[in-house]
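To start, the structure under review is shown below, and the notes come after it.
The values are calculated or read from the model by the stated rules, or taken from the named source; none is laboratory data. Every value quoted in this text rests on a predicted model; they were computed, and no experiment measured them. Glycine gets a Cβ as well: all are built from the backbone with ideal geometry, and neighbour counts include every protein chain shown.
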Amino acid sequence: MLKIYKSDCYTGNLRELAMDALEKGAWFNLINPTAADLATVATATNVPLDILKAALDEEERSRTEIEDTCTIVITNVPIMRDKVSYDTLPLGIILTKDYFITVCLENNEVLSEFNAINSKLFSTFKKTRFLFQILYKSATLYLRYLRQISRLTDEIERQLRRSMRNEGLFQLLELQKGLTYFNVSLRSNGVVLERLLRLRSNNNIQAFIKMFEEDEDLLEDVIIENKQAQEMVEMYSRILTGMVDTFASIISNNLNMVMKFLASMTIILAIPTMISSFFGMNVDVPFGENNGFLYTTLIALSCTAATAFVLWKKNMF
């Protein structure tokens with residue numbers, strides 16, 4: 001899907017443009033684009049096709065590259081698949097002399113925030129600030145998802161305290177996997193942000209990314225938010241790892257207690273069986289003539305009670 005937008009210089013409203021009515025400062029937003037969409041944008045913006053396709057690889061790492069006709073910034077943005085499943089997705093941001101291009105495999109909450117409703121908060125023709133606003137939104141979205149993960153973890157923990165079910169453990173493992181994706185992505189995003197900060201005085205990038213004092217302040221805010229998200233991910237990862245290990249130990253301990261109880265019951269039930277087997281032999285046995293059944297029952301009950309008392313004293317129940 002290809003959409004082209006342009007912020008109005010006077011009103012700040014966001015207008016959608018047609019391909020045959022392009023203006024400088026337009027924003028090309030490509031979401032899961034077709035080959036025809038990529039070819040159209042490549043022709044209109046003079047951006048090589050392989051650069052446009054770079055962010056369409058799910059395994060693409062975050063990086064910044066300076067080309068002759070453009071500057072490309074690839075960052076990983078967070079996405080939520082379902083209630084307990086979190087992932088990251090590459091987002092390509094390409095800045096040319098006249099245009100601003102974003103490329104992503106899926107529609108995501110980061111780009112969705114830049115719409116007609118919030119059009120007063122950004123300008124497509126202020127490419128550097130628009131870039132940093134997208135990166136800032138991505139960093140704050142990481143923080144929001146991390147707070148959601150924290151609340152989900154507490155809720156799952158309360159459920160597991162009441163009833164140790166496999167479903168809760170699987171949910172914890174899914175959250176742990178999401179935190180791993182977040183940790184790797186935030187680290188690589190941090191490298192990209194630090195490089196952008198170092199490149200602010202590079203003459204080769206000035207044609208595409210012109211940084212003013214407000215833009216540098218915004219970039220520094222993005223770096224701070226990214227570092228905070230990274231620290232939170234590491235903290236939550238340690239908490240979640242400890243929680244999973246603790247519940248695994250609890251499950252193992254509960255299993256040992258059940259097996260110990262069953263072993264004790266097996267021993268206790270084996271005693272009456274053993275005694276009755278002795279007295280059931282087809283040979284002469286004590287009490288065989290008078291009240292044999294009563295005496296056998298009393299002996300079995302006495303031995304069983306004595307064994308149960310010994311096992312109870314040894315905390316086998």
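Pick out the one residue from 198, 165 that is assigned by TED's automatic domain parsing to the domain that holds residue 229, farther than 26 Å from residue 66 by Cα and free of Cβ contacts under 8 Å to residues at least 12 places away in the same chain.
Values: 198 fails: farther than 26 Å from residue 66 by Cα.
165 is the lone residue from the list that is assigned by TED's automatic domain parsing to the domain that holds residue 229, farther than 26 Å from residue 66 by Cα and free of Cβ contacts under 8 Å to residues at least 12 places away in the same chain.
Hey, among 193, 169, 186, 160, which residue is more than 11 Å from the chain's Cα centre (by Cα), at pLDDT below 85, more than 30 Å from residue 11 (Cβ to Cβ) and crowded, with 18+ Cβ neighbours inside 10 Å? Even if it seems obvious, please write down each step before you answer.
On the way: 193 fails: at pLDDT below 85; 169 fails: crowded, with 18+ Cβ neighbours inside 10 Å; 186 fails: at pLDDT below 85.
Criteria check complete, one pass: 160.
For region 265-308, which positions are within 60 Å of the chain's Cα centre (by Cα), modelled with pLDDT of 85 or more and of a type in the set (Gly, Ala, Ser)?
Correct list: 270, 305, 306.
Could you count how many residues in region 137-167 are more than 30 Å from residue 118 (Cβ to Cβ) and touching a Phe, Trp or Tyr at 6+ places or on another chain (Cβ under 8 Å)?
Our first condition is that a residue be more than 30 Å from residue 118 (Cβ to Cβ); within region 137-167, this holds for 153-167.
Restricting the remaining residues to those that are touching a Phe, Trp or Tyr at 6+ places or on another chain (Cβ under 8 Å) gives 153, 160, 164.
Total meeting the criteria: 3.
Filter region 15-37 down to the residues that are more than 33 Å from the chain's Cα centre (by Cα) and not in a helix (DSSP H, G or I) and list them by number.
15, 16, 17, 18, 22, 23, 24, 25, 26
Of the residues that sit in region 249-270 and are out of contact with any helix residue (DSSP H, G or I) (no Cβ under 7 Å at 6 or more places or on another chain) and in contact (Cβ under 8 Å) with a residue 40 or more places away in the chain, which one is farthest from residue 130 (Cα to Cα)? I'd like the intermediate steps shown before the answer.
Residues of region 249-270 that are out of contact with any helix residue (DSSP H, G or I) (no Cβ under 7 Å at 6 or more places or on another chain), as a first pass: 249-263, 265-266, 269-270.
When the remaining residues are screened for being in contact (Cβ under 8 Å) with a residue 40 or more places away in the chain, the result is 250-251, 254, 260-261, 263.
On the way: 250: 50, 251: 51, 254: 56, 260: 65, 261: 66, 263: 69 Å.
Filtering region 249-270 for residues that are out of contact with any helix residue (DSSP H, G or I) (no Cβ under 7 Å at 6 or more places or on another chain) and in contact (Cβ under 8 Å) with a residue 40 or more places away in the chain, the one farthest from residue 130 (Cα to Cα) comes out as 263.
Residues being surrounded by 14 or more Cβ atoms within 10 Å (Cβ to Cβ), under 33 Å from the mean Cα position of the chain (by Cα), in a helix (DSSP H, G or I) and not basic (Lys, Arg): count how many of those fall in region 38-72.
7
Can you spot a residue in region 230-241 that is part of a helix (DSSP H, G or I), at pLDDT below 80 and either closer than 30 Å to residue 147 by Cα or assigned by TED's automatic domain parsing to the domain that holds residue 93 (or both)?
Step one: list which residues in region 230-241 are part of a helix (DSSP H, G or I), which gives 230-241.
Subsequent filtering for residues that are at pLDDT below 80 retains none.
No, there is no match, as no residue in region 230-241 is part of a helix (DSSP H, G or I), at pLDDT below 80 and either closer than 30 Å to residue 147 by Cα or assigned by TED's automatic domain parsing to the domain that holds residue 93 (or both).
Might you check whether a residue that is touching a strand residue (DSSP E or B) at 6+ places or on another chain (Cβ under 9 Å), assigned to a strand (DSSP E or B) and assigned by TED's automatic domain parsing to the domain that holds residue 9 occurs anywhere in region 134-141? Before the answer, list the steps.
So in region 134-141, the residues touching a strand residue (DSSP E or B) at 6+ places or on another chain (Cβ under 9 Å) come out as 134-135, 137-138, 141.
Subset that is assigned to a strand (DSSP E or B): none.
So far as region 134-141 goes, no, none of its residues is touching a strand residue (DSSP E or B) at 6+ places or on another chain (Cβ under 9 Å), assigned to a strand (DSSP E or B) and assigned by TED's automatic domain parsing to the domain that holds residue 9.
For region 122-133, enumerate the residues that are assigned to a helix (DSSP H, G or I) and of a type in the set (A, V, I, L, M, F, W, C). Before the answer, list the steps.
So the first thing to find is which residues in region 122-133 are assigned to a helix (DSSP H, G or I), and the list is 127-133.
The answer is 130, 131, 132.
List the residue pairs whose Cβ atoms are under 8 Å apart, where the first residue sits in region 31-57 and is under 22 Å from residue 89 (Cα atoms), the second is assigned to a helix (DSSP H, G or I) and of a type in the set (Lys, Arg), and the two are 6 or more positions apart or on different chains.
38/53
Report whether or not residue 232 is within 30 Å of residue 170 (Cβ to Cβ) and in contact (Cβ under 8 Å) with a residue 12 or more places away in the chain.
Numbers: within 30 Å of residue 170 (Cβ to Cβ): yes; in contact (Cβ under 8 Å) with a residue 12 or more places away in the chain: yes.
For residue 232, the condition - within 30 Å of residue 170 (Cβ to Cβ) and in contact (Cβ under 8 Å) with a residue 12 or more places away in the chain - is met.
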